[in-house]
Amino acid sequence: MAIEVSKVNKAFGATPVLRNVSVDVSSGSLTALLGPSGGGKSTLLRVIAGLEKPDTGSVVISGVDATNMAPQHRNVGFVFQHYAAFKHMTVFGNVAFGLEVRKRPKRELRKRVKELLELVHLEQFADRYPAQLSGGQRQRMALARALAVEPQVLLLDEPFGALDAQVRKELRTWLRRLHDEVHVTTVFVTHDQEEAIEVADTIVVLANGEVIQAGSPHDVYENPVNPFVMRFLGPVTNINGHLVRPHDLELTTTPQPGSTQAIVSRILRLGFEVRVEMIIDGHDAWAQATRGTAQRLNLKEGTTIYVRPAAEAKLLPVHAA
Amino acid sequence: MARHGLRIAALTYLFFLLVLPVALIMWRTFEHGLAPFVEALTSPSALHAFKVTLIVAAWAVVANTIFGVGVAILLVRHEFPGKRLLNALIDLPLAVSPVVVGLALILVYGRFAPAGGWLEDIGIQVIFSIPGMVLATIFVSLPLVVRAVAPVLEELGDEQEQASLTLGANRWVTFRRITLPGIRSALTYGVILCLARALGEYGAVAVVSGRLVDETQTITLFVEERFQNFDQQAAFAAATALAMIAVVTLLVTKLVTPKDAS
């Protein structure tokens, strides 16, 4: 295990932020800490980096107990949401900082910084100052700076949170590819379930300072342990007191075993996908169908249809603990 | 018309309060040419007064720079009980009259006070000597560096410092390479203000120095003493020198401040 967090508790004043949190991160993995804001994910990341001290519990990094170790001795790379670029230093100076602090020879330092700038595609920007870079470029510089010291683990705190949607998507794919190249154990914090599913190979869902579920993106999406995780990881709708993914619903014009009668209230066409909104016993529900299905069933507002969850669909009682 | 009226009023006000007195001092200083000015300022007493002023100001600036940066970091970066009290205490010297400061220092460090008596026993005379004058000057210029640095430190945030720590730099390297460059303009501004205040201080220093000519006489005390003794030439010359130092300081501050905005 690259990181073993066990039974960590942390409170700010009287407010508990982490409650008995235990997380294992395996070497070389790309793990997402996913959860709503205020759920404790950033605090957990800062505890791993040593920027916050846990009240109780321990943090082991690469087999060494780091619980009481100062951040400068942990050899972790940390990337901040707002980049934390050293404003008075050039891009080169920023990336070289960790190596200068470690008193690496000049030649080796220059070579390493050059390699890293190539890795993050900033080689032409070495002499610029952070203020002359775009947000995406600044974040790539921050990543190169963190990687320069060859950290045992790389920690990213909402790394794409301050960027606009387009750049965000690009950097996501790029981070995934970078991880496949560099193989450094990486943990990143996000509140965006799509980002977590797309980038990570392990997802840890945190809410109210507790680990709710951990597993592969597929596992967490398909087998959520409770309604909260199910809602947080993707769209859900409520059929007869059960939560189900809207794409796991079968629509028919005639009653089928286990189906429920519904009246179509609205049809929304979103490209290839059709969103069928309906009323079941006075409750709103919706199903995601393909354009073909919608045409075949001749769906219109006011049509009576029958819905039932597909055989393989995951169902969760709404009020499960 | 109203605009002109306002301008004329403002100019008249400044003319009688600022321009006329300063101009008259300059005129009286240089009415017989440069030679009497130079002669008055190079007399042994004047030179000694300059030396005392520089020594006192230098110590006060060094002390308040170290203390000011330290306290600013304490106030902005740390949470501790009594923080609000400390924050309020920092501004106390601005509210208390310098004469009160001087008298208070005599009460603590005078020969017949416990602390002063003990220091006297181990051979350190505080009151009526340089240490007391340094203390008084430090006291009156205490808030200037703190108040210049603290808001900039606040705005700078601590993320750059944290990034530096995770990159392996210890606290001292982080301070020297990240924090200090971030507050450099503000610190320079604070130091210059502190220097100007220290050079021009009169009240507190007058009380604790004992005004001993050629011993504890600073340049401000020299101006006062020469004037009382009808040596107007020397008084005006020293006053002009002080005014010129103030103008230069002001110009330097103006050159330094715009950088903070960028």
Report task. Would you please list the contacts, defined by Cβ atoms under 6 Å and residues six or more apart or on different chains, that run from a residue in region B:180-192 that is within 10 Å of chain A (Cβ to nearest Cβ) to a residue that is not in a helix (DSSP H, G or I)? Result -> B:PRO181/A:HIS88
Requested in this report: Within region A:24-49, work out how many residues are under 15 Å from the mean Cα position of the chain (by Cα) and assigned to a strand (DSSP E or B).
Outcome: 6
**Report entry** Check on A:ASN9, in contact with a strand residue (DSSP E or B) (Cβ under 6 Å, 6 or more places away or on another chain), on the phi > 0 side of the Ramachandran plot and more than 14 Å from every other protein chain (Cβ to nearest Cβ)
**Finding:** no
Requested in this report: Would you check if there is a residue in region A:175-186 being touching a Ser or Thr at 6+ places or on another chain (Cβ under 8 Å), surrounded by fewer than 19 Cβ atoms within 10 Å (Cβ to Cβ), at pLDDT 90 or above and not aliphatic (A, V, I, L, M)?
Outcome: no
Query - Unmet requirement for B:ALA72, which otherwise passes all of (1) crowded, with 17+ Cβ neighbours inside 10 Å; (2) more than 23 Å from B:ARG176 (Cβ to Cβ) - result: (2)
Report task. Identify, from the list A:GLY57, A:GLY93, the residue that is small (Gly, Ala, Ser), more than 14 Å from chain B (Cβ to nearest Cβ) and surrounded by 17 or more Cβ atoms within 10 Å (Cβ to Cβ). Result -> A:GLY57
Query raised in the report: Across region A:60-90, what is the total count of residues that are surrounded by fewer than 16 Cβ atoms within 10 Å (Cβ to Cβ), in a loop (DSSP other than H, G, I, E, B) and either in contact with a strand residue (DSSP E or B) (Cβ under 8 Å, 6 or more places away or on another chain) or more than 9 Å from chain B (Cβ to nearest Cβ) (or both)?
Result: 4
Requested in this report: Kindly provide the set of residues from region A:270-319 that are small (Gly, Ala, Ser) and surrounded by 13 or more Cβ atoms within 10 Å (Cβ to Cβ), ordered by number.
Outcome: A:ALA285, A:ALA287, A:ALA289, A:ALA294, A:ALA313
Query raised in the report: In region A:117-158, what residues are over 25 Å from A:GLY50 (Cα atoms), assigned to a helix (DSSP H, G or I), in contact (Cβ under 8 Å) with a residue 12 or more places away in the chain and within 13 Å of chain B (Cβ to nearest Cβ)?
Result: A:PRO130, A:ALA131
Query raised in the report: In region B:122-218, which helices (runs of 4 or more DSSP H) lie fully inside it and hold 1 or more residues that are of a type in the set (Asp, Glu)?
Result: B:142-156, B:159-166
Query raised in the report: If we only count strands (runs of 3 or more DSSP E) wholly inside region A:264-321, which ones have 2 or more residues that are touching a residue at least 40 places away in the same chain (Cβ under 8 Å)?
Result: A:283-290, A:304-309
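The values are calculated or read from the model by the stated rules, or taken from the named source; none is laboratory data. A quick note: this is a predicted structure, and the numbers were derived from the prediction, not measured. Cβ: placed from backbone, ideal geometry, glycine included. Neighbour counts: every protein chain shown.
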